[in-house]
Amino acid sequence: MTTTLLDRATLAAIEALEATDDVEFGVRLLANTPTHESRDPALLRQWARTADEFGAALAHVTPTARVVESGDGLERGLLARYTSRPVPTVELFTDTLALAEELIDRLGWRHWYPAGSVREAAIAHEAVHEQLHHGPAKAALKRSLGHVVLRAGRHRLYGHVAGADEIAAHAYARTVCGLGRSPLLLTAALAVAADPQQGSPHGRKK
C-alpha cells in the first residue's frame, strides 16, 4: 500500500477528517463504544472534552515497557499494541508506522506530526495507559468526568466511562510529543487510506 495511489474520493474523505476538530474525534470514539449507543451527544462531547483536557494535563511518564516490532499491522488494523504479560511490552507495527509517515508527507501534515513523532506517540500512548488503569489517575479521571452512578447522602460513586481513557491517552501523547493534532486524526486518516472497511489502525491493550 502506498499513498501515491490515493484517489480523489479518498483524499476528499481525508480532507473532511482534517476539518473535524480533535474533540469531535473523541465524541465519535465514545459513540462507537458499547454502553454509549443511546447517550446524549452533548454528554458525549462533554466527556470527550474533559478526557482530552485531563490527558493533556497529565505529568510526563517515562516509558518502562520493552518495545518490539512486527510487520503485519495493516492486516490487523493496528499501529501499536500493549500487553502486560509476561512482561509489559509495546508492540509497534512497522508497516502501519511506515504508511503513517508516508501519509503525513503526502497530505502536508508534517507540521502537525514531526518526523519520528508517530512512533514516539505510540509508545507514550501505551505508557500512560497504566496510569489510567491503576492508581490515583484512574480515580481522578472518573471524578473529572462526573459520571455519578450512586448517591448516598453526601457521598457519590463515580462510574467508569468506557473509551474516556483512550481519549486521555491520545491527548497525553499529543502533548508530550508536541503534535499539532491528536493522533486520533491520523488513525482516522490511516483507516481511510489503508482500507475504509477494516476500521482504524490504533493501539490496543491486552
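Whether any residue in segment 147-157 is at pLDDT below 90, β-branched (Val, Ile, Thr) and open to solvent by less than 30 Å² (accessible area, probe 1.4 Å) is what I want to check.
No, there is no match, as no residue in segment 147-157 is at pLDDT below 90, β-branched (Val, Ile, Thr) and open to solvent by less than 30 Å² (accessible area, probe 1.4 Å).
How many residues are touching a residue at least 40 places away in the same chain (Cβ under 8 Å), open to solvent by 30 Å² or more (accessible area, probe 1.4 Å) and not charged (D, E, K, R) if we restrict to segment 12-31?
Count: 2.
Residue check, ALA115 against (1) out of contact with any Gly (no Cβ under 8 Å at 6 or more places or on another chain); (2) assigned to a helix (DSSP H, G or I); (3) of a type in the set (Gly, Ala, Ser), all met but one. Which one?
(2)
Name the pairs whose Cβ atoms lie under 8 Å apart, with the first residue in segment 140-163 and within 18 Å of GLY26 (Cα to Cα) and without any contact (Cβ under 8 Å) to a residue 60 or more places away in the chain, the second assigned to a loop (DSSP other than H, G, I, E, B) and open to solvent by less than 100 Å² (accessible area, probe 1.4 Å), and 6 or more positions between them or separate chains?
LYS142/GLY159; LYS142/VAL161; HIS160/HIS147
Pick out the one residue from ALA48, ALA65, ALA80 that is modelled with pLDDT of 95 or more, of a type outside the set (Asp, Glu) and open to solvent by less than 40 Å² (accessible area, probe 1.4 Å).
Result of the check over ALA48, ALA65, ALA80: ALA48.
Testing VAL161 on (1) open to solvent by 30 Å² or more (accessible area, probe 1.4 Å); (2) under 25 Å from ALA42 (Cβ atoms); (3) not in a strand (DSSP E or B), one condition comes back false. Which one is that?
Of (1) open to solvent by 30 Å² or more (accessible area, probe 1.4 Å); (2) under 25 Å from ALA42 (Cβ atoms); (3) not in a strand (DSSP E or B), only one is false for VAL161: (1).
With respect to ALA191, is the statement that it is of a type in the set (A, V, I, L, M), more than 30 Å from TRP109 (Cα to Cα) and assigned to a helix (DSSP H, G or I) true?
No, not satisfied.
Return the total of residues in segment 90-127 being of a type in the set (S, T, N, Q) and open to solvent by less than 10 Å² (accessible area, probe 1.4 Å).
Result for segment 90-127: 2.
Please work out which residue is least open to solvent (accessible area, probe 1.4 Å), limiting yourself to segment 128-146 and to residues that are modelled with pLDDT under 85 and out of contact with any helix residue (DSSP H, G or I) (no Cβ under 6 Å at 6 or more places or on another chain).
Applying the filter and picking the extreme gives GLY135.
Considering each residue of segment 1-53, count those that are assigned to a helix (DSSP H, G or I) and of a type in the set (S, T, N, Q), and give that number.
Looking only at that region, the number is 5.
The values are calculated or read from the model by the stated rules, or taken from the named source; none is laboratory data. Computed from a prediction, not measured in an experiment: that's the story for all the values here. Backbone-built Cβ (ideal geometry, glycine too); neighbour counts: all protein chains shown. Keep in mind that these areas ignore ligands, DNA and RNA; they rest on the heavy atoms of the full protein, side chains included. Shrake-Rupley method; radii C 1.70, N 1.55, O 1.52, S 1.80 Å.
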